1. From the list Phe138, Phe132, exactly one residue is within 16 Å of the ligand (Cβ to nearest atom), among the aromatic types (Phe, Trp, Tyr), touching a strand residue (DSSP E or B) at 6+ places or on another chain (Cβ under 6 Å) and touching a residue at least 24 places away in the same chain (Cβ under 8 Å). Which is it?
2. It is to be established whether one or more residues within the range 181-194 are within 11 Å of the ligand (Cβ to nearest atom), of a type in the set (Ser, Thr, Tyr) and closer than 25 Å to Tyr268 by Cα.
3. Answer with yes or no whether Cys201 is surrounded by 24 or more Cβ atoms within 10 Å (Cβ to Cβ), within 16 Å of the ligand (Cβ to nearest atom) and over 30 Å from Ile82 (Cα atoms).
4. Could you pull out the residue among Ala216, Ala241 that is open to solvent by 50 Å² or more (accessible area, probe 1.4 Å) and small (Gly, Ala, Ser)?
5. If you scan the range 87-117, which residues turn out to be more than 13 Å from the ligand (Cβ to nearest atom), outside any helix (DSSP H, G or I) and either within 18 Å of Leu160 (Cβ to Cβ) or open to solvent by less than 30 Å² (accessible area, probe 1.4 Å) (or both)?
6. Is it the case that Leu46 is assigned to a strand (DSSP E or B), within 16 Å of the ligand (Cβ to nearest atom) and either open to solvent by less than 10 Å² (accessible area, probe 1.4 Å) or out of contact with any strand residue (DSSP E or B) (no Cβ under 6 Å at 6 or more places or on another chain) (or both)?
7. Given the conditions (1) open to solvent by 20 Å² or more (accessible area, probe 1.4 Å); (2) touching a residue at least 60 places away in the same chain (Cβ under 8 Å), which single one is not true for Ile281?
8. Output the residue which, of all residues in the range 12-36 that are assigned to a helix (DSSP H, G or I) and free of Cβ contacts under 8 Å to residues at least 40 places away in the same chain, is least open to solvent (accessible area, probe 1.4 Å).
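The values are calculated or read from the model by the stated rules, or taken from the named source; none is laboratory data. Remember, predicted model here, so these are calculated numbers, not experimental data. Glycine gets a Cβ as well: all are built from the backbone with ideal geometry, and neighbour counts include every protein chain shown. When the accessible area is computed, the model is the full protein with side chains, heavy atoms only, and any ligands, DNA or RNA have been set aside. Shrake-Rupley method; radii C 1.70, N 1.55, O 1.52, S 1.80 Å.
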Amino acid sequence: MNTAHQGPLSRPAVMAAHAALQDKVSPARLDDDAFLTLPRELKESLSRLIGTPAEEIILGNSTTYGLDLLAHGLPLSRGDEILLVEGDFPATVTPWLPLERRGVAVRRVEPRARPLTSEELETQLRPSTRVFCSSWVFSFTGEAIDVEAIGRLCRDRGVLFVLNGSQAIGTRPLDVKTTPVDALVSCGFKWLCGPYATGFCWLRRELADRLDYEQAYWLTHMAGADLSRDTEPRLRDDLGAARYDVFCTANFLNFAPWRASIELLLDYGIERVAAHNQGLIERLVTGLDGTDWQLVSPREEPARSTLLLIGHRDPERVPAAFAALARAGVDIAHRAGSLRISPHVFNSDADVDRALDVLA
Ligand SMILES: Cc1ncc(COP(=O)(O)O)c(C=O)c1O
């Protein structure tokens, strides 16, 4: 129950990884088309996940990939401000910090109450605020912000809303067509059960067009060229978001299994996955009632996520309980002085009960 750290590969993903490995053992099995087909199919799967056209998906290798693209590509200059939330995961913060060297301010809101509300954010926005960037679900507290309300505020105030969905995509439904988000970044190796070093980014089309960031990966620009006769390097200007894809976009060993896991989650339906996962969290929360364990995370949805962080009345007991859970075969995380339990679709009530027994 440690998906917030790494989601395991699904069985179809393992089969896809085996197939990709076989192809690399015998590269004659790989035809040229595969270099275009895999990224295209992966984008189609991701687009079904967030309700956007596949051409708007940017393939990356991490959460950071998309944030780094924005930090480099947004037209920001001295005096502009990026607003973040105190206590957010470092991956949401560090990509923006180099901008301070060119005079862009990076400020963090310390919410009076967690999670940060749109009302409080409103009091924090300044005329110089260009971007508000936040995790949807916070890794060290499990709190989930109200994306709809915060997005609406940002839109009203002309502030770009950049959302880090790494701890949410795959366990909370999202439709970017109807949600006021300008950019979404996510890794693929947690709730999407892909291999490590997978991720994606989505930018609202107008935003993608505003970025000032040049990169030119030969295979993207030469897509469709027949290298048996056409070898002249060229730059295309009709690539759309694909011009920002990570290099080696047909990363067979990573992207083929990742796609298989995403397809499995889509077959289950993210609404159903979310309901299953919240059922497990509810069982945990109820099971901890009346014990010396205290919730760090919000107790009720929608601020409650599928990351449950708990502390103990006696903090000394936290590392001891972590070790006892590991001995009992229960894999969770020890983060920021708390235990973090993050079950996903493969977990059952029995897994939760085993953890509750050890905690008791
Ligand atoms: C909220 C959040 N964002 C991002 C990451 C990872 O960032 P990256 O994919 O860039 O390694 C994590 C955890 O590792 C996380 O909890």
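1. Details: Phe138 fails: touching a strand residue (DSSP E or B) at 6+ places or on another chain (Cβ under 6 Å).
Within the list Phe138, Phe132, the selection yields Phe132.
2. Checked the range 181-194: at least one residue is within 11 Å of the ligand (Cβ to nearest atom), of a type in the set (Ser, Thr, Tyr) and closer than 25 Å to Tyr268 by Cα.
3. Details: surrounded by 24 or more Cβ atoms within 10 Å (Cβ to Cβ): yes; within 16 Å of the ligand (Cβ to nearest atom): yes; over 30 Å from Ile82 (Cα atoms): no.
Considered against the rule, which asks whether it is surrounded by 24 or more Cβ atoms within 10 Å (Cβ to Cβ), within 16 Å of the ligand (Cβ to nearest atom) and over 30 Å from Ile82 (Cα atoms), Cys201 comes out as no.
4. Numbers: Ala241 fails: open to solvent by 50 Å² or more (accessible area, probe 1.4 Å).
Selected residue: Ala216, the only one of Ala216, Ala241 that is open to solvent by 50 Å² or more (accessible area, probe 1.4 Å) and small (Gly, Ala, Ser).
5. Gly103, Val104, Ala105, Val106, Arg107, Arg108, Val109, Pro111, Pro115, Leu116 - these are the residues of the range 87-117 that are more than 13 Å from the ligand (Cβ to nearest atom), outside any helix (DSSP H, G or I) and either within 18 Å of Leu160 (Cβ to Cβ) or open to solvent by less than 30 Å² (accessible area, probe 1.4 Å) (or both).
6. Here the answer is no, as Leu46 does not meet what is asked.
7. The number of the failed condition is (1).
8. Quick first cut of the range 12-36, residues assigned to a helix (DSSP H, G or I) only: 12-25, 27-29, 34-36.
From what's left, free of Cβ contacts under 8 Å to residues at least 40 places away in the same chain: 18, 22, 25, 27-29.
Numbers: His18: 113, Gln22: 92, Val25: 104, Pro27: 74, Ala28: 104, Arg29: 135 Å².
The qualifying residue least open to solvent (accessible area, probe 1.4 Å) is Pro27.
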